[in-house]
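Novice: Got a structure for you, questions after.
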Amino acid sequence: MRKLFGTDGVRGTANIHPMTADMALRIGAAVGRYFRREAGGVHRVVIGKDTRLSGYMFENALTAGLTSTGMNVLLLGPVPTPAVGLMTRSMRADLGVMISASHNPAEDNGIKFFGPDGFKLSDQAELEIEALLEEGVTPAQAQNIGHAKRIDDARFRYGERVKSSLPRGIRLDGLKVVLDCANGAAHRTAPEVLWELGAEVVPLGVAPNGKNINLGCGSTQPQTAAEAVVAHGADVGICLDGDADRVIMIDETGTLADGDQLMALLAGRWARAGTLTGNALVATVMSNLGLERHLADQGLRLERTAVGDRYVVERMRAGGFNLGGEQSGHIVMSDHATTGDGLMAGLHMLAAMVETGKPASELLNQFTPVPQLLQNMRFTVGQTPLDNPAVQAAIRSAEAALAGKGRLLIRKSGTEPLIRVMAECEDSALLNATVAEVASAIEAVVG
């Protein structure tokens with residue numbers, strides 16, 4: 001079992017273990033040693049970050065650890081997470097690092113790693129890095145210490161790559177788009193890309209100050225953007241999260257559409273065009289049962305994985321599939337990207353509007369979701385509520401009540417100290433009762 005790495009790298013509150021400058025230095029040294037192929041030669045790592053104040057601290061600490069093992073560091077500055085995957089591969093780097101806590105509040109931060117192929121690391125690789133961390137790493141000799149250099153055009157390179165994923169000749173002239181960048185990593189790139197493609201952009205969340213990332217904005221708090229869509233008479237809204245690897249769409253009426261609806265749209269379009277490999281979409285256990293039924297009606301399959309976009313990507317790579325994602329808005333188009341890309345997914349939605357002439361409200365209403373209820377139960381680090389017999393009994397009781405009528409999913413978050421209690425059922429009274437039963441049992445244990 002991994003002790004340090006969670007669902008998506010290492011994450012926590014800045015200056016509290018494990019997200020301390022000292023630990024970041026040690027992690028940098030361990031991962032640098034892991035990715036050095038051999039003594040001598042050129043060893044390169046790219047580091048990107050979002051706009052959190054603590055990003056400067058972790059950038060410097062990781063650079064120190066990596067250069068101490070002989071790795072040369074290329075600093076990209078604030079860029080979306082998918083840009084790091086792209087730049088790792090295009091710059092022939094041994095390793096890519098993204099400093100971000102994604103949709104978490106500003107006081108949190110995290111470290112994500114990409115291998116030389118631009119894809120996130122496997123569980124096994126993370127276990128081996130943890131072992132190196134525990135053993136300690138012998139630094140390189142003085143003459144072999146690495147150097148650091150800033151790369152000034154990373155976001156421009158990424159922007160061009162995103163635009164190139166669209167069909168040739170597509171322009172967004174005449175579309176008014178509310179674009180919420182969550183005061184995060186895409187606050188400059190995303191508005192530039194949409195403007196270059198001809199859209200009229202109403203920008204929100206484009207004034208980061210180190211402390212306002214995801215604060216009242218972005219994909220997890222899209223209410224302001226939804227109001228702006230209606231107020232400005234916009235055709236559509238795009239809400240990114242802090243590192244721009246996920247997206248929530250908003251139609252012209254201010255109605256939200258999650259990743260399931262966007263994946264349903266893209267899967268159907270790609271299947272009709274003959275470009276959906278394997279006639280399947282890869283999504284997690286959190287995706288709505290309505291999505292699965294909608295795909296089946298079109299002769300398509302839904303392949304489910306554990307929660308986390310890297311598990312989606314692993315299944316896509318193993319099965320040769322080219323479209324996958326999460327209900328939360330990670331949309332992975334592996335023909336163009338190695339991880340979830342909110343801006344790219346948003347652009348493909350806009351392209352669908354241009355090509356079909358249909359409004360967002362029609363395109364983002366692909367299926368009727370089965371009623372779904374999610375309740376997050378916070379616990380104190382060190383507590384293990386799911387091991388409690390009373391909680392286990394409540395889960396068994398809820399599963400029995402839902403048998404043949406819906407489903408229950410209980411999981412521990414890999415990024416926060418939360419137990420996520422989710423149920424789906426068309427009987428709303430039963431849905432509420434089963435979630436309440438389990439939530440109450442957990443609450444009694446955690447206090």
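The values are calculated or read from the model by the stated rules, or taken from the named source; none is laboratory data. Since the model is a prediction, treat every value here as computed from it, not as a measurement. Backbone-built Cβ (ideal geometry, glycine too); neighbour counts: all protein chains shown. We work out accessible area using only protein heavy atoms, side chains counted, and drop any ligands, DNA or RNA first. Shrake-Rupley method; radii C 1.70, N 1.55, O 1.52, S 1.80 Å.
Novice: Quick one: would you say residue 295 is buried (at least 23 other Cβ atoms within 10 Å of the Cβ), among the aliphatic types (A, V, I, L, M), closer than 30 Å to residue 204 by Cα and touching a strand residue (DSSP E or B) at 6+ places or on another chain (Cβ under 8 Å)? So that I can check it myself, show each step before the final result.
Specialist: Working: buried (at least 23 other Cβ atoms within 10 Å of the Cβ): yes; among the aliphatic types (A, V, I, L, M): yes; closer than 30 Å to residue 204 by Cα: no; touching a strand residue (DSSP E or B) at 6+ places or on another chain (Cβ under 8 Å): yes.
When the stated conditions are applied, residue 295 does not pass them.
To keep it simple, each residue is scored yes or no on (1) in a helix (DSSP H, G or I); (2) closer than 20 Å to residue 11 by Cβ; (3) more than 21 Å from the chain's Cα centre (by Cα).
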position	(1), (2), (3)
272	yes, no, yes
278	yes, no, yes
283	no, no, no
290	yes, no, yes
294	yes, no, yes
304	no, no, no
345	yes, no, no
350	yes, no, no
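Novice: Which one of the conditions (1) touching a Ser or Thr at 6+ places or on another chain (Cβ under 8 Å); (2) surrounded by fewer than 20 Cβ atoms within 10 Å (Cβ to Cβ); (3) among the charged types (D, E, K, R) does residue 227 fail to meet, given that it meets all the rest?
Specialist: Status for residue 227: all satisfied but (1).
Conditions (1) open to solvent by 40 Å² or more (accessible area, probe 1.4 Å); (2) within 21 Å of residue 193 (Cβ to Cβ); (3) touching an Asp or Glu at 6+ places or on another chain (Cβ under 8 Å); (4) at pLDDT 95 or above, marked per residue:
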site	(1), (2), (3), (4)
234	no, yes, yes, yes
238	no, yes, yes, yes
243	no, yes, yes, yes
250	no, yes, no, yes
274	yes, no, no, yes
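Novice: Which count do you get for residues in segment 131-151 that are modelled with pLDDT under 95 and either part of a strand (DSSP E or B) or acidic (Asp, Glu) (or both)?
Specialist: Residues that pass the stated criteria total 2.
Novice: Just to check your reading of the model, which residue among 154, 142, 131 is of a type in the set (A, V, I, L, M, F, W, C), at negative phi and open to solvent by less than 30 Å² (accessible area, probe 1.4 Å)? Even if it seems obvious, please write down each step before you answer.
Specialist: On the way: 142 fails: open to solvent by less than 30 Å² (accessible area, probe 1.4 Å); 131 fails: open to solvent by less than 30 Å² (accessible area, probe 1.4 Å).
Only one candidate passes the filter, namely 154.
Novice: Could you go through segment 69-83 and let me know if any residue there is under 21 Å from the mean Cα position of the chain (by Cα), touching a residue at least 24 places away in the same chain (Cβ under 8 Å) and over 26 Å from residue 25 (Cβ atoms).
Specialist: Checked against the condition, which is being under 21 Å from the mean Cα position of the chain (by Cα), touching a residue at least 24 places away in the same chain (Cβ under 8 Å) and over 26 Å from residue 25 (Cβ atoms), segment 69-83 yields at least one hit.
Novice: Which ones in segment 152-178 are aliphatic (A, V, I, L, M) and assigned to a helix (DSSP H, G or I)? Can you show your working first?
Specialist: Filtering segment 152-178 down to residues aliphatic (A, V, I, L, M) leaves 154, 162, 166, 170, 172, 175, 177-178.
Matches in segment 152-178: 154, 162.
Novice: Of the residues 355, 326, which is open to solvent by 30 Å² or more (accessible area, probe 1.4 Å) and either at pLDDT below 95 or charged (D, E, K, R) (or both)? Talk me through it step by step, then tell me what you get.
Specialist: Numbers: 326 fails: open to solvent by 30 Å² or more (accessible area, probe 1.4 Å).
So the residue among 355, 326 that is open to solvent by 30 Å² or more (accessible area, probe 1.4 Å) and either at pLDDT below 95 or charged (D, E, K, R) (or both) is 355.
Novice: Still on this structure, I have one more. Taking residue 316 and the conditions (1) open to solvent by 10 Å² or more (accessible area, probe 1.4 Å); (2) of a type outside the set (Asp, Glu); (3) in a helix (DSSP H, G or I); (4) in contact with a Ser or Thr (Cβ under 9 Å, 6 or more places away or on another chain), which numbered condition does it fall short on, given that it satisfies the others?
Specialist: (1)
Novice: Shifting gears a bit: When you go through (1) farther than 16 Å from residue 279 by Cβ; (2) more than 12 Å from the chain's Cα centre (by Cα); (3) not in a helix (DSSP H, G or I) one by one for residue 321, which number turns out not to apply?
Specialist: Unmet condition: (1).
Novice: State which residue pairs qualify: first residue free of Cβ contacts under 8 Å to residues at least 12 places away in the same chain and among the basic types (Lys, Arg) and inside segment 162-185, second residue in a helix (DSSP H, G or I) and surrounded by fewer than 17 Cβ atoms within 10 Å (Cβ to Cβ) in any location, beta carbons under 6 Å apart, and separation of 6 or more residues or different chains.
Specialist: Correct list of pairs: empty, since none qualify.
Novice: Still on this model: For residue 145, state whether it is among the β-branched types (Val, Ile, Thr) and either within 25 Å of residue 209 (Cα to Cα) or without any contact (Cβ under 8 Å) to a residue 60 or more places away in the chain (or both).
Specialist: Numbers: among the β-branched types (Val, Ile, Thr): yes; either within 25 Å of residue 209 (Cα to Cα) or without any contact (Cβ under 8 Å) to a residue 60 or more places away in the chain (or both): no.
So residue 145 does not fit the description; no.
Novice: Considering segment 202-217 alone, what residues qualify as being out of contact with any strand residue (DSSP E or B) (no Cβ under 6 Å at 6 or more places or on another chain) and on the phi > 0 side of the Ramachandran plot? If you could, list the steps in order and put the result at the bottom.
Specialist: The first filter runs over segment 202-217 and keeps only residues out of contact with any strand residue (DSSP E or B) (no Cβ under 6 Å at 6 or more places or on another chain), leaving 206-216.
Correct list: 210, 214, 216.
Novice: State all residues of segment 169-193 that are more than 20 Å from the chain's Cα centre (by Cα) and more than 24 Å from residue 87 (Cβ to Cβ); if no residue qualifies, say none.
Specialist: 169, 170, 171, 172, 173, 174, 175, 176, 177, 178
Novice: Quick check on segment 385-392. Is at least one of its residues over 16 Å from residue 446 (Cα atoms), open to solvent by less than 30 Å² (accessible area, probe 1.4 Å) and of a type in the set (Val, Ile, Thr)?
Specialist: Filtering segment 385-392 for residues over 16 Å from residue 446 (Cα atoms) gives none.
No - not one qualifying residue is present in segment 385-392.
Novice: Here's a follow-up. Out of the residues in segment 192-208 that are touching a residue at least 40 places away in the same chain (Cβ under 8 Å) and part of a loop (DSSP other than H, G, I, E, B), which is most open to solvent (accessible area, probe 1.4 Å)?
Specialist: Across segment 192-208, the extreme among qualifying residues is 208.
Novice: Let me spell it out: the conditions are (1) under 23 Å from the mean Cα position of the chain (by Cα); (2) in contact (Cβ under 8 Å) with a residue 60 or more places away in the chain; (3) open to solvent by less than 60 Å² (accessible area, probe 1.4 Å); (4) under 21 Å from residue 248 (Cα atoms), and residue 365 meets all of them except one. Which number is the exception?
Specialist: (3)
Novice: Select, from 420, 407, the only residue that is in a strand (DSSP E or B), open to solvent by 50 Å² or more (accessible area, probe 1.4 Å) and in contact with a strand residue (DSSP E or B) (Cβ under 7 Å, 6 or more places away or on another chain). Steps first, answer last, please.
Specialist: On the way: 420 fails: open to solvent by 50 Å² or more (accessible area, probe 1.4 Å).
From the options 420, 407, the qualifying one is 407.
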